[in-house]
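Data first, discussion second: the structure below is written as structure tokens.
The values are calculated or read from the model by the stated rules, or taken from the named source; none is laboratory data. Keep in mind it's a predicted model, so treat the numbers as computed, not measured. In this analysis, Cβ positions are derived from the backbone assuming ideal geometry, glycine residues included, and neighbour counts consider all displayed protein chains. Side chains included, ligands, DNA and RNA excluded: accessible areas come from the protein's heavy atoms. Shrake-Rupley method; radii C 1.70, N 1.55, O 1.52, S 1.80 Å.
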Amino acid sequence: IGSFPVHFDWSVSSESFKVEGGWTEHGKGETIWDRFSHEGHVFENQTTDLACDSYHKVDYDVYLLRGMMAPNYQFSISWARIFSTGRKESLIEKGVAYYDKMIDTLLQSGIEPTVALHHWDLPQALQDSGGWENDSIVEPFREFSGFCFSHYGDRVKTWITFGSPWVVSNLGYGTGEHPPRVKDPIITSYKVTHNIIKSHAEAWHIYNDNYRKLQGGKVGIALNSDWAEPRNPSSDQDVAAAERYLNFMLGWFAHPIFVDGDYSTVLKEQIEKKKGSCGKELARLPVFTEAEKQRIQGTADFFGLNHHTSRLISESLNSCDVGPNNVGDFQTHIDPTWPPTASDQIQSVPWGLRRLLNYISLEYTSITKVPIYVTGNGMPTEYNSDVFNDTERVDYLKAYINEAMKAVHLDEIYIQRFTVQSLMDGFEGPQGYSQRFGLHYVDFEDPDRPRTPKASAYYYSKVIERNGFRSAHLYFDIMRNNGFPLPTEEEMLYGHFPEGFIWSTATAAYQVQSILTNTLYFDSPA
């Protein structure tokens, strides 16, 4: 069991505003991230203006993908590059042609495109009229998604409506850490989620009604979520708090789309409970009409998951302050033994992925029977570290991919894809270019923006080539033919013994040395 199933998909991702640059080229409209960076809200006043210059480097980027033998590339379309104001009457032909070239060049290289319609970079013109908090935004998104399906759908077979929309709702309109810098966690952030869910459903129906039969593709959504582990697993209170955490993050979007068209009972009852106990409104959850519920339910052909880390969760009562933690009566913790990354928000907790995949299967995809796609997994390194020999990223990916393999083989979870974030270093929001997620190093000091593969790019290319980890068949044949017991399924997979575990050899080792000489170690994919 060193390999994933035969038709398992491997992918690499990027997002438009993080890599494209060309921020006004050929009439592209301003986005909320352009405005945010120009107003000086980013580390060292860095901007999205040039980024990785992918707008002029399609051939270069596809060359990198070919070098990795990547069979799939997941990227997002900049809405404002196609419709400068967000509306169809502002169509930009050269912007449309840019994505035509990207898609065609990928296909000519044997690489399937996966396209996200929206990953955070809303046209500023739409934000000026209220953005995602304005109910009227559903219609422009219908126009935009319909145009993309019509124009690109003959070649694109996998569509993601929204990438990590929780970040938009919570950080863009709740805490204000991201553009458009709205700080209203009581009303606006919940209304934004409401409109994103309705917009997603409309896009799915447009594809289902008009393009599915002809084009044969799939439309889903990519939701980001940590795993929530009870701080004390034997505490009923902490177990319930962890469940609330998942309902306030993942379930906020997943329950309406994958279960019954409405917000979960846990979410609704908790919000009402806090309103009663605090004597004031801490969160206002909008209400879907019965027609909207029917329109939303079941509108996904796959469950996309963006996952990077986990949290320990404990019950925390009696706070009447705003914010999801206080409304949800939970507190988050980090185990100090978890390996850190360049972001204080991301620690390496690979077993959390397997538990989250099991949770998603139980709560959501067992109902709709759709596959799970891991649409984003990765970690940042510091800019001033060893930028090429990124062994921390190799270790991180090895461990997380191994946990996905366990979920497939041992838990029989229906997972069809694993996507590494990201193809190259890019603009990472308020952190600018200081945190590096890329499999390829980008020199942002050089105006030509050269890319150089890191150790993790070589590592991931081997994983893709072998469809997982190195085959154990030769090793097993030797063991079997010489009377040695074969390992169990769990033993055949990657894992780590506890710290302090002692390894040793016995004097009888010489007896098997000749048998194993010149064979491959089955537990090394490198």
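The figures follow:
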item	result
Average accessible surface area per residue within region 1-70, 1.4 Å rolling probe, Å²	39
Length-normalised contact order for the chain - Cα pairs under 8 Å, 6+ apart - percent	16
Translational diffusion of region 154-296, µm² s⁻¹ [Kirkwood Rh, Cα pairs; Stokes-Einstein; 20 °C; 1.002 mPa s]	129
Label-zone membership for region 212-243, site Ser314, 7 angstrom Cα→C-beta point, backbone N under 11 Å	231-232, 238
Mean separation of Cα contacts under 8 Å (6+ apart) over length of region 153-294, as relative contact order %	25
Sequence ranges 400-406, 344-350, ranked by mean other-Cβ count within 10 angstrom, highest first	400-406, 344-350
Cα-centred dipole magnitude for the chain, charges only on beta-carbon of K, R (+1) and D, E (-1), debye, nearest 20	940
Euclidean distance of C-alpha centroids, region 299-334 and region 373-436, integer Å	21
Å² of accessible area per residue within region 164-310, as computed with a 1.4 Å probe and no ligands counted	37
FRET efficiency, 1/(1 + (r/R0)^6) with R0 41 Å, evaluated for Ile334 and Glu445 via beta carbons	0.75
Calculated FRET value between Tyr414 and Met69, using beta carbons and R₀ = 22 Å, to 0.05	0.30
Cysteines without a disulfide-compatible neighbour (Cβ-Cβ under 4.7 Å), the chain	Cys52, Cys148
Residue-normalised accessible area of region 319-404, given per residue in Å² at a 1.4 Å probe	41
Heavy-atom accessible surface of the chain: percent carbon and sulfur, 1.4 Å	50
Computed over region 323-376, the ratio Rg/Rh where both radii use C-alpha atoms and Rh is Kirkwood	1.06
Computed lengthening from Tyr60 to Asn358, 0.36 nm per intervening residue step minus Cα-Cα distance	103.5 nm
Structure-based [θ]222 nm, the chain - -39500 (n - 2.57) summed over DSSP H runs of at least 4, per residue, nearest 500	-10500 deg cm²/dmol
Overall Cα dimensions of region 349-467 - principal axes, largest extent first, Å	50, 31, 23
Of all DSSP beta bridges in region 326-459, antiparallel share, percent nearest 5	55
Assigned charges on the beta-carbon of Lys, Arg, Asp, Glu; region 128-201 dipole about Cα centre (debye)	220
Size of region 1-119 as Cα extents on the principal axes (Å, biggest first)	52, 35, 22
Region 329-482 - percent relative contact order, Cα under 8 Å, separation 6 or more	22
Ordering of 109-121, 32-44 by packing [mean C-beta count within 10 Å, highest first]	109-121, 32-44
Packing-based order for 66-74, 387-395, using average beta carbon neighbours within 10 Å, highest first	66-74, 387-395
Cross-link table Lys273/Lys293; Lys28/Lys213; Lys218/Lys369; Lys198/Lys268; Lys274/Lys369, entries beyond 25 Å C-alpha to C-alpha	Lys28/Lys213; Lys274/Lys369
